[in-house]
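Peer 1: The structure's right below; bear with me while I get my questions together.
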Amino acid sequence: MLPVAIVGGGPVGLVSSILLSMRKIPHVIFEQFPGTSIHPKACGLNQRTMEIFRHIGVEREVVKHRAPLNVAGKTGWYTNIGPNGREIYSRDSWGGGKYQEEYRRASPAQYSTLAQIRLEPILQRRALEIAPNCISYNSKVTSVKEKGDKVVLTVDRGNRGSEDVEAQYVLGADGGRGLAESLGIGWEGESDIVDMFTAHFNADIASIHPNKAVFISWLVNPKLRGSRGSGYLYHLGPYYPTREKKEEWVLASPKHPEDPVEFDEKTMVERIRRSLEIPDLDLSLRSISNWTVNAKVAERYRSEGGRIFLVGDACHRVPPWGALGMNSGIQDAHNLIWKLGLALKSGQPTKYSNFLDTYEKERRPIAQRVARNSLHNMLNHNNIMDGALDITAETSTEENLASVAAYFDESHELYKEKRERVRQAAADLDNEFHAPGIEIGWFYESADINGEGLAARHGGQLLADGTFDINNYHPSTIPGHHVPHSWLRKGDTTISTRDLVELDKFVLLTGKSGIWESVPNDLIHVQVIDGEAGWTDIEGTWAQLRGVDEDGAVLIRPDGIVAWRARNSEPSSTSKLTALVQSLLYQKSDRRWATHM
């Protein structure tokens, strides 16, 4: 019987596989398709995700293939991309331009842009490198049923027939293709909000684009009802590896009432040319995807019998405005796998059931916030920018053309007003383009075991009115928060505090040696940041952010989350830590630890 079976071989399934392999836990991915994705899909990789890639050994390869930072850090709005197209406005985004220093202080990793079609092969190679037989392609899981202390999966292997496979645990990473529903798990939120299409094609657009430094071009074509009918365009080259001479592009747009139910090659080529206003564009269509926008979260992340966990799109479907869907899924896996690994390695995983419940308690509130924010971004994007230009659903094409013309006409009486409104509209879209708070500032409120966060508004991550600060990241060592980033040096080695995180051990950070080493070391590795025997705090950042005295300590989980902290080294502090560690190891005594970890 397999310890773990993974349903789905997309980014979340592949990252789950790598994390399991690093812990030497046997498993198999069952993927219904013959290989990695053939469509670009998600492309934004925030700093938390890049840190996970750093942890699993693929960060350098992702950086090698990603879009250059001077291109990926800017976005803009255009009337169209054709010969008569004009730039309405452009701005820095995603850690680019004026945000570079802010993002540099937040993490050892950089926000990166790499389409899923190119990310998946990198993850696949890494997964097979450390576990050569971990992926079974052309293997569609048609049934998943819990039976006592095991899960039985029925796997359809096409002309090879079907077979039943048994596993102790199953990770559902099927991309929301029905596993949750088959387990009787419902959804909360909004479904089928708008019908979309995405076209992936090759064409020479870079030579005529109004601004080659922009990654995503938002089209506000007055002839196509503005943003509502124009969509957005982004490139996959030629600045980074491509398979053909012409650069690759993606156009995504809501469907028009006059659009076909399903596009074929002919109708899609016509639609691309019309949207871009390049009637003679020479293009080669690579793929078409029809999809619907959802903003919903599964009611439960764990099956009734407790042996099936949902991760990624299997438990949350969010609009892509803000690029939080795939990132949240990868971060789900990072949260779950270390806990599942600890349970499996104990030899008595059922004793860790309460502990495994913390996966849902921690991750589901994050998904709910992400779904709300992404839906807000989607609804606001068009309304804010189009409204600034006086384009509405009710205005005619002639009125729309006149409104946009006034924006470019310095002699028009509304010129200055429209310019200011557009500038303000672009700034108002920070929730989508400058949102390190929601990207990396999320925290697990349920993991704040001593209730420190409420009084301190979680280090400022909650605003005075109790709402979440989406646009700013407030590093903190309050339990439940990600350990703050600080550069450390020892000898010739320079690393981040986040690089000290270990696979199967907690890390205890302290500024005094000889105090905390007495705690049980079968689960804890003590690291001293004092500039003498231990690591040197190069920029003094750790001393500013550690939140404890020099002789205090901060305990870090294997997923980089602060589990506990002590202001100082009083005898009661060390005894509390010993009790907490023992309760986690043996799942007894302090149930609060097991419940909230």
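Peer 1: If the requirement is being over 21 Å from residue 365 (Cα atoms) and part of a helix (DSSP H, G or I), which of these qualifies: 138, 159? Show your work before the answer.
Peer 2: Details: 138 fails: part of a helix (DSSP H, G or I).
Every option except 159 fails the conditions.
Peer 1: Follow-up question, since we're still on this one. Evaluate the following for residue 323: is it in the same structural domain as residue 6 (by TED's automatic domain parsing) and assigned to a helix (DSSP H, G or I)? Give the steps one after another, and end with the answer.
Peer 2: Working: in the same structural domain as residue 6 (by TED's automatic domain parsing): yes; assigned to a helix (DSSP H, G or I): no.
No; evaluated as a whole, the condition is false for this residue.
Peer 1: Of the residues that sit in the range 347-391 and are in contact with a Leu (Cβ under 9 Å, 6 or more places away or on another chain) and among the hydroxyl-bearing types (Ser, Thr, Tyr), which one is farthest from residue 192 (Cα to Cα)?
Peer 2: Here the answer is 352.
Peer 1: Let me ask something else about it. Would you confirm whether any residue within the range 139-153 is on the phi > 0 side of the Ramachandran plot and modelled with pLDDT under 95? Full working, then the answer.
Peer 2: Our first condition is that a residue be on the phi > 0 side of the Ramachandran plot; within the range 139-153, this holds for 148.
Add one more test, that the residue is modelled with pLDDT under 95, and what stays is 148.
Yes: the range 139-153 contains one or more residues that are on the phi > 0 side of the Ramachandran plot and modelled with pLDDT under 95.
Peer 1: In the range 14-49, how many are of a type in the set (A, V, I, L, M, F, W, C) and either in a loop (DSSP other than H, G, I, E, B) or outside the structural domain of residue 132 (by TED's automatic domain parsing) (or both)?
Peer 2: The first filter runs over the range 14-49 and keeps only residues of a type in the set (A, V, I, L, M, F, W, C), leaving 14-15, 18-20, 22, 25, 28-30, 33, 38, 42-43, 45.
So of that shortlist, the ones also either in a loop (DSSP other than H, G, I, E, B) or outside the structural domain of residue 132 (by TED's automatic domain parsing) (or both) come out as 25, 33, 38, 42-43.
Number of matching residues: 5.
Peer 1: Return yes or no: is residue 166 part of a strand (DSSP E or B), at pLDDT 95 or above and acidic (Asp, Glu)? Lay out the reasoning, then the answer.
Peer 2: Values: part of a strand (DSSP E or B): yes; at pLDDT 95 or above: yes; acidic (Asp, Glu): yes.
So residue 166 passes the test.
Peer 1: Only helices (runs of 4 or more DSSP H) wholly contained in the range 366-458 count here; list those with 3 or more residues that are surrounded by fewer than 16 Cβ atoms within 10 Å (Cβ to Cβ).
Peer 2: Values: elements: 397-408, 415-428, 430-433, 436-440, 452-455.
Fully inside the range 366-458 and qualifying: 397-408, 415-428.
Peer 1: From (1) buried (at least 22 other Cβ atoms within 10 Å of the Cβ); (2) at pLDDT 95 or above, pick out the condition that doesn't hold for residue 73.
Peer 2: Every listed condition holds for residue 73 apart from (2).
Peer 1: Which residue out of 497, 510 is crowded, with 22+ Cβ neighbours inside 10 Å, out of contact with any Leu (no Cβ under 7 Å at 6 or more places or on another chain) and of a type in the set (S, T, N, Q)? Explain how you work it out, then say what you get.
Peer 2: Working: 497 fails: out of contact with any Leu (no Cβ under 7 Å at 6 or more places or on another chain).
Of 497, 510, the one residue that is crowded, with 22+ Cβ neighbours inside 10 Å, out of contact with any Leu (no Cβ under 7 Å at 6 or more places or on another chain) and of a type in the set (S, T, N, Q) is 510.
Peer 1: Another question, then. Could you tell me whether any residue of the range 538-555 is within 22 Å of residue 55 (Cα to Cα), modelled with pLDDT of 85 or more and either in the same structural domain as residue 335 (by TED's automatic domain parsing) or over 29 Å from the mean Cα position of the chain (by Cα) (or both)?
Peer 2: Yes, that holds for at least one residue.
The values are calculated or read from the model by the stated rules, or taken from the named source; none is laboratory data. None of these values were measured; they are calculated from a predicted model. Using ideal geometry, Cβ is built from the backbone for each residue, glycine included, and neighbour counts are taken over all protein chains shown.
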